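Q: Following this message is one structure expressed as structure tokens.
The values are calculated or read from the model by the stated rules, or taken from the named source; none is laboratory data. All values derive from a computational prediction rather than experimental measurement. Glycine gets a Cβ as well: all are built from the backbone with ideal geometry, and neighbour counts include every protein chain shown.
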Amino acid sequence: MTNLNLTQQEKEKLSSGHPLFWLNPAYQNAHAAPDTPDVAGIYEAEARLARFAPLLIDLFPELKDTGGLIESPLLPTDALNKEINPIGGRLFLKADHALPVAGSIKARGGIHEVLCFAEQLALKEGLIAGPDDDYRKLGSDESRTLFAQHTIAVGSTGNLGLSIGIMGAALGFNAVVHMSSDAKEWKKERLRKRGVKVVEHTADYGAAVAAGRAESDADPHSYFVDDENSPRLFMGYAVAALRLKTQLDAAGIEVSPEQPLIVYLPAGVGGAPGGITFGLKALFGDNVHCFFAEPVQAPCMLLGMAGEAGQEPVPIYELGLQIDTDADGLAVGTASQWVCDAVRHQVSGVYTATDDELYQHLFSLKNLENVEVEPSAAISCCGPAMLNTGPGRQYLEAQNIANSLKNGVHVAWLTGGSFVPDKEYQRYLEKAIKISN
């Protein structure tokens, strides 16, 4: 196996499917990530989304009240905080499970990437004169005729496919989503109802991406969205940091050494949590602490972050794992090397959790806060308790924030769930109740 910054005991825990809290030895070491992206990309993405806002209202009337902004609320909690947070401070839920249009954390990045491609084509063909033009023109028959000559394709376990497919089809592109074996049937059906072509694969996420890329590369009029290597996706995700800061400001919260921000982010291939981490570190520096969360059967980002810059991430299969998890949004075998290299010095650590723990928190979210999520989203709620373990306390002391926790702000990022059909959610909830009792 490739050299990893893991002890033998940590490797054994990972291989045996036991929960692990891994502290990143490269954290705050800028030399560990020599090719960090330009922060300006975050603000460029935010400006692009603002340019498209009037068109997005035309395409998706549910965005009228937000002025075309695709954003989720920041929800304060009380009962849940008392149940899951043993280390003090306030707990908020970043409700990306309720993001409009696509219903998951993937909405910002996926939609931003589609808009980048649409803007690129429109400028090239003279449909718009420049960034100051009226982007509602891109909903015209002329624009749709142009877009219909092009295909947008992506490989996905589900949620990214929803955001790319829904946005692509809404603009008139031929949208194709290659779905891995872990993808839920209801997500495939939702895409088909939107006019998206769904290609089903019996293999995992990596194989679906590879097949989708190969098919797209053979068509000169096809554009492939690569979740593993896309700065456009990454910066679209990073915009979430700007939005979160606005919400924290509105709540009167100033992030500082005396009031640290601790964020727990579910991680699949890494694009969404990586982009959000990049944005948060750009805004809050050392006063924000970002932890990735993964199922014990799919710790691909942990293995990726434990590698070295420029090193291809180790697949989880080398540990004898088989992605046996109900957290389909996190069911990925190999992390994105590009993302790992971009944020290797910014991620504080990674923890893993069992499916039973995910279901216990899914139940608590419903029972205490009336929040309905899919299992993968619930993993963020494991975070505060992980900081109460030996490695967690070690981190808090090393960062000199152990005594500031009473003023700390915890954000559990909820990544998907509002689009889950009622029958599907009830199955989740029944299983969660059985496990919790």
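Q: For Asp134, state whether it is of a type in the set (Asp, Glu) and either touching a His at 6+ places or on another chain (Cβ under 8 Å) or within 30 Å of Ala378 (Cα to Cα) (or both).
A: Considered against the rule, which asks whether it is of a type in the set (Asp, Glu) and either touching a His at 6+ places or on another chain (Cβ under 8 Å) or within 30 Å of Ala378 (Cα to Cα) (or both), Asp134 comes out as no.
Q: Now for a different question. Among the residues that make up the stretch 86-98, is at least one of them over 30 Å from Asn403 (Cα atoms), among the aliphatic types (A, V, I, L, M) and in the same structural domain as Glu369 (by TED's automatic domain parsing)?
A: Yes, the stretch 86-98 contains a residue that is over 30 Å from Asn403 (Cα atoms), among the aliphatic types (A, V, I, L, M) and in the same structural domain as Glu369 (by TED's automatic domain parsing).
Q: Related question: Please count how many residues of the stretch 136-170 are in a loop (DSSP other than H, G, I, E, B) and touching a residue at least 24 places away in the same chain (Cβ under 8 Å).
A: 5
Q: A further question on this structure: Asp182 is checked against (1) in the same structural domain as Phe278 (by TED's automatic domain parsing); (2) within 22 Å of the chain's Cα centre (by Cα) and fails just one. What number does that condition carry?
A: (1)
Q: Output the qualifying pairs, or none if there are none: Cβ atoms under 7 angstrom, residues six or more apart or on different chains, first residue in the stretch 104-120 and farther than 15 Å from Ala238 by Cβ and touching a residue at least 60 places away in the same chain (Cβ under 8 Å), second residue outside any helix (DSSP H, G or I) and not hydroxyl-bearing (Ser, Thr, Tyr).
A: Taking only residues 6 or more apart or on different chains, the pairs are Ser104/Gly416; Val114/Ile152; Phe117/Ile152.
Q: Now, a different point. Is there any pair with a first residue in the stretch 177-204 that is in contact (Cβ under 8 Å) with a residue 60 or more places away in the chain and a second that is surrounded by fewer than 15 Cβ atoms within 10 Å (Cβ to Cβ) and assigned to a loop (DSSP other than H, G, I, E, B) whose Cβ atoms are under 8 Å apart and which are 6 or more apart or on different chains, and what are they?
A: Filtered contacts from the stretch 177-204: Ser180/Ala203; Trp186/Pro421.
Q: If you don't mind, another one. Taking the options Lys184, Lys193, name whichever one is among the basic types (Lys, Arg) and out of contact with any helix residue (DSSP H, G or I) (no Cβ under 9 Å at 6 or more places or on another chain).
A: That would be Lys193, the only listed residue that is among the basic types (Lys, Arg) and out of contact with any helix residue (DSSP H, G or I) (no Cβ under 9 Å at 6 or more places or on another chain).
Q: For the stretch 206-215, indicate whether the set of residues that are crowded, with 20+ Cβ neighbours inside 10 Å and either in a loop (DSSP other than H, G, I, E, B) or without any contact (Cβ under 8 Å) to a residue 40 or more places away in the chain (or both) is non-empty.
A: No: the stretch 206-215 contains no residue that is crowded, with 20+ Cβ neighbours inside 10 Å and either in a loop (DSSP other than H, G, I, E, B) or without any contact (Cβ under 8 Å) to a residue 40 or more places away in the chain (or both).
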